[in-house]
Amino acid sequence: VLLPIGVVTAIVLTSSVIYFARLQVSLPTQIRQGLRRNEFYLEYQPVVDLNSGNWVGAEALVRWRRRDGRIMQPDEFIPVAEHSGLIGLLTERVIEVASKDMGTTLRDAPDFFLTINLSARDLQSGGTLEKLMVMARDSGARPGQIVAELTERMLVDASAAKSVIKAMREQGLRVAIDDFGTGYCSLSYLETMQFDCLKIDRLFVEAIDTEAATNRVVLHIINMARTLDMKLIAEGVETEAQANYLKSQGVEFAQGWLFSRAIAPDEFLKGLA
Ligand code: C2E
Ligand code: MG
Ligand code: MG
Ligand code: MG
């Protein structure tokens, strides 16, 4: 059968338009679909007590398993979710999944803590606080076992955030300041807000093994945390030398590939047992 050339062209054009239109479904739309299809899941990176070497907590880190099987990392989609107003739904999902994965562990191990990363938007209302409290209640955990991780950048412009952070602490949740040293948090802000915990950014941990001037900064961070009565978690610990140094300076906790990468919940629970 011979089709006139015009018809063939039309078919080719139409099908390629459809093809490209599908490819170009925007990332926010894909995130929305991903939420509907339950494509977001969590991995957990152990938080290690530097003195005992025991796993005493975990950080929940979100991943996205796309329909084609490709895994997308949070740095690729969290900023998009933040800018498109979808972060609230994503955070809600993260809290639900964390509750499913870790609820029993939180209840059975009352000293075990779980840290959850929040975005600036999550502090614009009390909604997230509410969800974290529900998580604690449903799992039978103490609120103090749940630690909200905030970054300095979220706090810059922060009057609403301030009252939510205060409310979180009043309800017994704990609050950590993540990636410390990469933003610009004033010391007076740290002092007035009274965070429970400070996470030393990987950048400063990396510098410990080098001659860089940054390797002294970590000492100042440690001293400041002491003065303000905050516990310390060092991030991105990759070498024994880093771990030993941090331990010798009295840093309580650490995370990093030296100990474990972020792993699936069942693997995490096996390691914990
Ligand atoms: P973060 O909260 O500072 O998390 C630490 C990141 O460092 C994680 O990357 C972790 O896998 C990685 N990491 C851990 N140990 C090492 C190490 O020894 N060496 C190196 N080079 N890297 C290490 P990941 O999972 O890709 O997460 C990236 C960022 O995405 C997180 O940084 C956090 O800011 C954000 N994020 C992750 N999950 C969530 C979430 O559920 N909600 C929100 N709002 N943000 C999230
Ligand atoms: Mg974090
Ligand atoms: Mg961090
Ligand atoms: Mg980070």
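The values are calculated or read from the model by the stated rules, or taken from the named source; none is laboratory data. As the structure is a computational prediction, the values presented were derived from the model and not from experiment. FYI the Cβ positions are ideal-geometry reconstructions off the backbone, even for glycines, and counts take in every protein chain you see. Ligands, DNA and RNA are stripped out before the accessible areas are found, and what is left, the full protein with its side chains, is counted by its heavy atoms. Shrake-Rupley method; radii C 1.70, N 1.55, O 1.52, S 1.80 Å.
Name the residue that is farthest from the chain's Cα centre (by Cα), counting only residues in segment 178-194 that are within 16 Å of ligand 1 (Cβ to nearest atom) and without any contact (Cβ under 8 Å) to a residue 40 or more places away in the chain.
Taking the candidates together, the pick is CYS185.
Quick grid of which residues meet (1) open to solvent by less than 30 Å² (accessible area, probe 1.4 Å); (2) within 20 Å of LEU86 (Cα to Cα); (3) away from ligand 3 (no atom under 16 Å from the Cβ):
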{"residue": "MET133", "(1), (2), (3)": "no, no, yes"}
{"residue": "VAL147", "(1), (2), (3)": "yes, no, no"}
{"residue": "GLU152", "(1), (2), (3)": "yes, no, no"}
{"residue": "MET168", "(1), (2), (3)": "yes, no, yes"}
{"residue": "PHE180", "(1), (2), (3)": "yes, no, no"}
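Do you know which residues across segment 185-223 are in contact with a Lys or Arg (Cβ under 8 Å, 6 or more places away or on another chain) and surrounded by fewer than 20 Cβ atoms within 10 Å (Cβ to Cβ)?
Scanning segment 185-223 gives MET193, GLN194, ASP196.
What is the residue count in segment 95-116 for residues that are buried (at least 20 other Cβ atoms within 10 Å of the Cβ), more than 14 Å from VAL147 (Cβ to Cβ) and aliphatic (A, V, I, L, M)?
0
Looking at ARG226, ARG261, which one is under 27 Å from GLU43 (Cβ atoms), basic (Lys, Arg) and open to solvent by 30 Å² or more (accessible area, probe 1.4 Å)?
Selected residue: ARG261, the only one of ARG226, ARG261 that is under 27 Å from GLU43 (Cβ atoms), basic (Lys, Arg) and open to solvent by 30 Å² or more (accessible area, probe 1.4 Å).
In this structure, does GLY172 turn out to be within 16 Å of ligand 4 (Cβ to nearest atom), on the phi > 0 side of the Ramachandran plot and either open to solvent by 50 Å² or more (accessible area, probe 1.4 Å) or under 21 Å from the mean Cα position of the chain (by Cα) (or both)?
Here the answer is no, as GLY172 does not meet what is asked.
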